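The values are calculated or read from the model by the stated rules, or taken from the named source; none is laboratory data. The structure displayed is predicted, hence computed values, not measured ones. Note that each Cβ is placed from the backbone with ideal geometry, even for glycine, and that neighbours are counted across all protein chains shown. Surface accessibility is based on the protein's heavy atoms, side chains included, excluding ligands, DNA and RNA. Shrake-Rupley method; radii C 1.70, N 1.55, O 1.52, S 1.80 Å.
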Amino acid sequence: MKQRNLNQSGFTLIELLAVISVLAILMLLATSSVTSIIANSAKRAFVIDAQSVVETAKIAYTDTLLSGKLTGTHFCMSLDYLKGQYVDKIASSYTGSVEIAVVGGVATYTLWLSNNKYQVEGAEYSKIEAETKDYTANASTTCGGNGTLVTK
């Protein structure tokens with residue numbers, strides 16, 4: 001019969017379970033933090049894309065105005081028009097349009113945009129971030145019916 005060494009060290013089952021429980025709790029806390037960071041990043045990416053669409057519409061409006069293709073003071077540029085001629089980096093999941101209203105020689109740009117996760121309806125450029133909200137199925141993406149539609 002072997003004698004047991006009294007100086008043997010090791011962990012008991014209770015100690016191992018306690019360590020595993022603490023690690024599991026830490027993982028749950030980290031997962032919820034990471035999930036909220038990812039959600040905030042996705043929303044911020046949408047806002048940046050939305051601002052980019054308005055900047056693209058500004059360029060498109062100036063270009064079409066200088067080339068004599070547009071006359072009048074109220075337009076609605078579809079996202080398809082902008083994708084086809086002025087930008088190619090807008091994801092295919094995006095739908096929308098930009099309303100351009102010219103009053104007293106000053107153009108105002110109002111955005112309607114959706115990507116089936118977030119949406120902006122009728123937001124001016126400076127208010128896009130504040131007015132971005134979660135997507136709803138009845139989101140409007142066509143300038144609210146305002147302006148002469150500019151398409152391909």
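Mind checking the dipole of the chain: about its Cα centre, +1 per Lys or Arg Cβ, -1 per Asp or Glu Cβ, Debye to the nearest 20? Write down the numbers at each step before the final one.
Values: 12 positive and 12 negative charges, 121 e Å.
Value, rounded to 20: 580 debye.
If you take the charge dipole of the chain about its Cα centre, with +1 on Lys and Arg Cβ and -1 on Asp and Glu Cβ, which of Ser92, Gly10, Thr136 is farthest toward its positive end?
With unit charges placed on the Cβ atoms, the residue in question is Gly10.
Please list 3J(HN,Hα) in residue order for the stretch 10-26, calculated via the Karplus relation 6.51 cos²θ - 1.76 cosθ + 1.60 where θ = phi - 60°; whole Hz, with x for glycine and proline.
Coupling constants for the stretch 10-26: x, 9, 7, 4, 4, 5, 5, 5, 5, 5, 4, 5, 5, 4, 5, 5, 4 Hz.
From the phi angles alone, apply the Karplus equation (6.51, -1.76, 1.60; θ = phi - 60°) to the stretch 105-117 and give each ³J(HN,Hα) in whole Hz, x where the residue is Gly or Pro.
With the stated coefficients, the stretch 105-117 comes to x, 10, 8, 10, 10, 10, 10, 10, 8, 8, 10, 6, 10 Hz.
Just the number, please: carbon plus sulfur as a percent of the accessible area of the chain, 1.4 Å probe, no ligands or DNA/RNA counted.
Numbers: 5880 of 10120 Å².
C and S fraction of accessible area: 58 percent.
Can you give me the solvent accessible area of Thr136 with a 1.4 Å probe, rounded to the nearest 10 Å²?
60 Å²
Please provide three numbers in whole Å: the alpha-carbon extents of the stretch 19-152 along the principal axes, with the largest listed first.
Extents along the principal axes, in whole Å: 73, 25, 24.
Please list, ordered by chain and number, the residues whose modelled amide H lies under 5 Å from the amide H of Asn146; skip anything fewer than 5 residues away on the same chain.
When sequence neighbours closer than 5 places are left aside, there are no close amide H contacts.
Once fully extended, how much extra length lies between Ala107 and Val87, figured as 0.36 nm per residue of separation less the alpha-carbon to alpha-carbon distance? Display every interim value, and only then the final one.
Working: separation 20, 0.36 × 20 = 7.20 nm, distance 2.07 nm.
Here the answer is 5.1 nm.
Report the number of Lys pairs in the chain whose alpha-carbons are under 22 Å apart, with separation of 8 or more residues or on distinct chains.
For the chain, qualifying lysine pairs total 18.
Through the Karplus equation 6.51 cos²θ - 1.76 cosθ + 1.60, θ set to phi - 60°, convert the phi angles of the stretch 77-90 into ³J(HN,Hα) values in whole Hz; use x for Gly and Pro.
Result, rounded to whole Hz: 8, 6, 5, 4, 4, 5, 5, x, 10, 10, 8, 10, 9, 7.
Using only protein heavy atoms and a 1.4 Å probe, report how much of Thr142 is accessible, in Å² to the nearest 10.
Here the residue's solvent-accessible area equals roughly 90 Å².
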